[in-house]
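Colleague: Below you will find the structure I want to go over with you.
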Amino acid sequence: MKAKREKITQKKKKRRLFAGKLFLIAGGLILLVLGLVLFRFFHHSILPKEGRITIGLGPKPLVLVSYSKEEETLVFLLIPEKILLPAAYGYGQYRIEAFKRLAELTNRPSLLQESLSSSLALPLHGWIEQPHSLPEETTGRTLKKWFLEQIKEKLLGKGQTALFPLDLLRSWWLILRSPAAKIRVLTLAEDRGLRESVLPDGSFFWEFAEEETDQLVKEFFSEGQIKKEKIAIGIANATGKTGLAKKAARLVTNLGGSVVEVTDWPSSLTNSVLRIDPDREITFSIEKVARAFNCEIKRISPEPFAVDALMIVGEDFSQKIGFD
């Protein structure tokens, strides 16, 4: 009888041990799956790891938010609604509210972001769709709170954004820590970056005044580290389209770079490329310029040009900015 009870007890122990092992295996699998999900959720990022981060919000209201970790400055650029904007990829000029439909028709979800970036010659690293109306009082403090609310809503899955969760969390943390004394609020107006344009039907809209917006971009949105490195950059046009190299030079100088030579390239290129000497280090400036043109860096000497880096612009850049 005693032996029978011991046998039953041993069986129960074995069952409990087996059940415990199953529980541990199941728990391990659940943790593994959860870990993979969290990894995929937070691993992806489109924001630059170093330097300035600039995010656009739109189309109504249209706002640019830019943070420089190096300078610890936060800039809000408020853009009036009645803007007539040249669409990227050469689709013509449109009012801001028309871009949503145009993006659907052309199957280019980021068309407004790319168009605004091209018009201002300013890289935009992310975009938040359909933000809430601006606060009545647009001070640095109220706009900071407003922007943090936009990020919070996107983290909760409300609305659309091209930013990944990791980007949103990082942006939230950086903006949260921004001191009030280093927040600048800029508003484009007729005497600051805009000129009036009258349409055939008699209605008026604003257009960007390039020289004035370039001054604003260089002062408040350029990369301080690029200015410090002072590398000499050459621009070569490999498309045969007169004036394209000047457009590329505008983008480089707005970033904070120094363009020392603008010329034509003897052959045509489809994809732009940034050439540097094989022995040259890929510095912050070189990485930023390559990212701005979305091009490859090739370790091929830029000779015969006396430059540190040679940006050869191809058809891809021409198509993106809609340059004919």
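Colleague: State all residues of segment 147-181 that are surrounded by fewer than 20 Cβ atoms within 10 Å (Cβ to Cβ) and aromatic (Phe, Trp, Tyr); if no residue qualifies, say none.
Modeller: Phe164, Trp172, Trp173
Colleague: Tell me, which residue of segment 119-170 that is over 18 Å from Leu62 (Cα atoms) and without any contact (Cβ under 8 Å) to a residue 60 or more places away in the chain is farthest from the chain's Cα centre (by Cα)?
Modeller: It comes out as Arg141.
Colleague: Which ones in segment 192-201 are closer than 22 Å to Leu77 by Cβ and either without any contact (Cβ under 8 Å) to a residue 12 or more places away in the chain or not charged (D, E, K, R) (or both)?
Modeller: Gly193, Leu194, Glu196, Ser197, listed by residue number.
Colleague: Also, I was wondering about something else. Taking the condition of being farther than 11 Å from Asp277 by Cβ and in contact with a helix residue (DSSP H, G or I) (Cβ under 7 Å, 6 or more places away or on another chain), how many residues in segment 297-309 meet it?
Modeller: 1
Colleague: Mind listing whichever residues of segment 171-206 are under 22 Å from Leu116 (Cα atoms), of a type outside the set (A, V, I, L, M) and either within 25 Å of the chain's Cα centre (by Cα) or part of a strand (DSSP E or B) (or both)?
Modeller: Ser171, Arg184, Thr187, Arg192, Gly193, Arg195, Glu196, Ser197, Phe204, Phe205, Trp206 - these are the residues of segment 171-206 that are under 22 Å from Leu116 (Cα atoms), of a type outside the set (A, V, I, L, M) and either within 25 Å of the chain's Cα centre (by Cα) or part of a strand (DSSP E or B) (or both).
Colleague: Taking the condition of being under 15 Å from Leu85 (Cβ atoms) and either acidic (Asp, Glu) or touching a Cys at 6+ places or on another chain (Cβ under 8 Å) (or both), how many residues in segment 197-219 meet it?
Modeller: Total satisfying the criteria: 2.
This table checks each residue for (1) in a helix (DSSP H, G or I); (2) modelled with pLDDT under 95; (3) polar (S, T, N, Q); (4) under 25 Å from Asn254 (Cβ atoms).
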| site | (1), (2), (3), (4) |
| --- | --- |
| Leu122 | no, no, no, yes |
| Ser133 | no, yes, yes, no |
| Glu137 | no, yes, no, no |
| Thr142 | yes, no, yes, no |
| Trp146 | yes, no, no, no |
| Glu153 | yes, yes, no, no |
| Lys158 | no, yes, no, no |
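Colleague: Another question, then. Among the numbered criteria (1) in contact (Cβ under 8 Å) with a residue 12 or more places away in the chain; (2) out of contact with any Lys or Arg (no Cβ under 8 Å at 6 or more places or on another chain), which single criterion is violated by Phe204?
Modeller: (2)
Colleague: Report the residue count in segment 209-244 for those that are β-branched (Val, Ile, Thr) and within 23 Å of Pro304 (Cβ to Cβ).
Modeller: Within segment 209-244, residues that are β-branched (Val, Ile, Thr) and within 23 Å of Pro304 (Cβ to Cβ) number 5.
Colleague: Quick check on segment 224-235. Is at least one of its residues at pLDDT below 95 and more than 25 Å from the chain's Cα centre (by Cα)?
Modeller: no
Colleague: Could you figure out which of (1) assigned to a strand (DSSP E or B); (2) in contact with a helix residue (DSSP H, G or I) (Cβ under 7 Å, 6 or more places away or on another chain); (3) of a type in the set (A, V, I, L, M); (4) more than 22 Å from Glu149 (Cα to Cα) isn't true of Ala103?
Modeller: Failed condition: (1).
The values are calculated or read from the model by the stated rules, or taken from the named source; none is laboratory data. All of these numbers come straight from a predicted model, not from anything done at the bench. Methodologically, a virtual Cβ is constructed for each residue, glycine included, from the backbone with ideal geometry; neighbour enumeration extends over all protein chains shown.
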